[in-house]
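K.L.:
Here's a structure for you.
The values are calculated or read from the model by the stated rules, or taken from the named source; none is laboratory data. Nothing here was measured: the structure is a model prediction, and the numbers come from that model. So basically every Cβ, Gly included, is an ideal-geometry build from the backbone, and we count neighbours across all protein chains shown. Just so you know, the surface numbers come from the protein's heavy atoms only, side chains and all, with ligands and any DNA or RNA stripped out. Shrake-Rupley method; radii C 1.70, N 1.55, O 1.52, S 1.80 Å.
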Amino acid sequence: METRRLGNTDLDLTPVGFGTWAIGGGEWGMGWGPQAEKDSIESILEGLEAGINWIDTAHAYGFGLSEEVVGKAVKEWGQPVILATKCGVLPDENNFPRRFASRETIIEEVEGSLRRLQVDAIDLYQLHWPEPDENVEEAWQTLLDLKQHGKILWPGVSNYSPDQLTRAAALGPVSSLQPRYSMLNRQIEEEGQIDWCCENNCGIVCYSPMESGLLTGK
């Protein structure tokens with residue numbers, strides 16, 4: 001199957017990846033409803049059998065549940081799979097997502113993600129949101145340090161503005177950006193993220209390319 005090199009990394013991704021927001025279940029504030037673990041694992045395996053070579057997940061998706069299911073599926077698959085996950089969204093007292101990234105919280109999150117995914121290093125580790133804005137530099141430096149220590153292979157970001165990308169890149173190269181992008185949502189064309197990524201050899205792995213199902217015809 002065709003693959004494409006992601007920005008300044010050595011990761012060759014298939015044009016379509018497997019997104020796992022939904023398999024985080026319905027027991028958290030942005031869940032898509034109950035999901036059977038068996039169905040989730042079988043869906044992942046079917047995607048891998050079809051040729052997909054990377055899976056995108058996040059600590060926030062079910063606050064660990066999605067990563068656990070991905071870890072089980074990949075172990076059952078038994079072949080190399082590129083794994084991307086995210087940090088910077090924590091549960092509040094009602095299990096709703098709270099966007100917050102600091103050095104302390106990221107270090108705690110990455111250890112949990114490694115354990116749940118059952119890997120020694122995460123291929124692509126992304127800051128889920130640039131919040132709080134005053135922590136952009138601290139959070140990005142933490143990811144650069146995690147790369148240096150071998151916990152992650154490549155650092156990326158999600159939902160960043162061109163200005164925030166520039167601030168992060170001043171500390172070290174940004175490997176990828178994960179923005180919302182589809183035929184119906186083209187903000188990153190107008191706001192400048194695509195231009196920034198082209199100029200800085202930063203890959204793009206967009207989320208909701210089918211606009212949460214609106215573009216599937218179903």
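K.L.:
When you scan the range 6-20, do you find a residue that is aromatic (F, W, Y), surrounded by 14 or more Cβ atoms within 10 Å (Cβ to Cβ) and either in contact with a strand residue (DSSP E or B) (Cβ under 6 Å, 6 or more places away or on another chain) or touching a residue at least 40 places away in the same chain (Cβ under 8 Å) (or both), even just one?
P.N.:
Among the residues of the range 6-20, at least one is aromatic (F, W, Y), surrounded by 14 or more Cβ atoms within 10 Å (Cβ to Cβ) and either in contact with a strand residue (DSSP E or B) (Cβ under 6 Å, 6 or more places away or on another chain) or touching a residue at least 40 places away in the same chain (Cβ under 8 Å) (or both), which makes the answer yes.
K.L.:
It is to be established whether one or more residues within the range 153-173 are of a type outside the set (A, V, I, L, M) and touching a Gly at 6+ places or on another chain (Cβ under 7 Å).
P.N.:
yes
K.L.:
Kindly provide the set of residues from the range 186-213 that are open to solvent by less than 60 Å² (accessible area, probe 1.4 Å), polar (S, T, N, Q) and modelled with pLDDT of 95 or more, ordered by number.
P.N.:
Q193 - this is the single residue of the range 186-213 that is open to solvent by less than 60 Å² (accessible area, probe 1.4 Å), polar (S, T, N, Q) and modelled with pLDDT of 95 or more.
K.L.:
Test D92 against the criterion of being within 17 Å of the chain's Cα centre (by Cα) and of a type in the set (D, E, K, R), and give yes or no.
P.N.:
no
K.L.:
Taking the residues in the range 47-63 that are over 20 Å from W32 (Cα atoms) and touching a residue at least 24 places away in the same chain (Cβ under 8 Å) as candidates, determine which candidate is surrounded by the most Cβ atoms within 10 Å (Cβ to Cβ).
P.N.:
Only one residue tops the list, namely W54.
K.L.:
Quick one: is Q164 in contact with a Pro (Cβ under 9 Å, 6 or more places away or on another chain) and closer than 13 Å to A60 by Cα?
P.N.:
no
K.L.:
In addition: For the range 25-38, indicate whether the set of residues that are crowded, with 20+ Cβ neighbours inside 10 Å, closer than 29 Å to R4 by Cβ and not aromatic (F, W, Y) is non-empty.
P.N.:
Within the range 25-38 (the criterion being crowded, with 20+ Cβ neighbours inside 10 Å, closer than 29 Å to R4 by Cβ and not aromatic (F, W, Y)), the answer is no, since none of the residues qualifies.
K.L.:
Shifting gears a bit: Condition first: within 12 Å of the chain's Cα centre (by Cα), surrounded by 15 or more Cβ atoms within 10 Å (Cβ to Cβ) and within 26 Å of I52 (Cβ to Cβ). Can you find one or more residues in the range 136-152 that meet it?
P.N.:
no
K.L.:
Pick from the range 183-215 the residues that are without any contact (Cβ under 8 Å) to a residue 12 or more places away in the chain and under 21 Å from W54 (Cα atoms): which of them is nearest to the chain's Cα centre (by Cα)?
P.N.:
Among them, the one singled out is S212.
K.L.:
Which of the strands (runs of 3 or more DSSP E) contained wholly in the range 44-128 include at least 2 residues that are over 18 Å from G150 (Cβ atoms) and modelled with pLDDT of 95 or more?
P.N.:
The qualifying strands (runs of 3 or more DSSP E) are 54-56, 89-91, 97-99.
K.L.:
Further question on the same structure: Taking the conditions exactly as written (of a type outside the set (D, E, K, R), over 21 Å from L13 (Cβ atoms) and open to solvent by less than 40 Å² (accessible area, probe 1.4 Å)), does S66 satisfy them or not?
P.N.:
In short, no.
K.L.:
I'm trying to understand the selection: among the residues of the range 174-183, which are open to solvent by 40 Å² or more (accessible area, probe 1.4 Å) and either under 18 Å from D12 (Cα atoms) or touching a Ser or Thr at 6+ places or on another chain (Cβ under 9 Å) (or both)?
P.N.:
Hits for the range 174-183 are R180, Y181.
K.L.:
Right, something else. For the range 155-171, check the following and say yes or no: at least one residue is assigned to a loop (DSSP other than H, G, I, E, B), touching a Leu at 6+ places or on another chain (Cβ under 7 Å) and either crowded, with 16+ Cβ neighbours inside 10 Å or β-branched (V, I, T) (or both).
P.N.:
Scanning the range 155-171, I find at least one residue that is assigned to a loop (DSSP other than H, G, I, E, B), touching a Leu at 6+ places or on another chain (Cβ under 7 Å) and either crowded, with 16+ Cβ neighbours inside 10 Å or β-branched (V, I, T) (or both), so the answer is yes.
K.L.:
Would you pick out the residues in the range 129-140 that are within 14 Å of C87 (Cα to Cα) and assigned to a helix (DSSP H, G or I)?
P.N.:
Matches in the range 129-140: N135, V136, E138, A139, W140.
K.L.:
Answer with yes or no whether S175 is in contact with a strand residue (DSSP E or B) (Cβ under 8 Å, 6 or more places away or on another chain) and at pLDDT 95 or above.
P.N.:
yes
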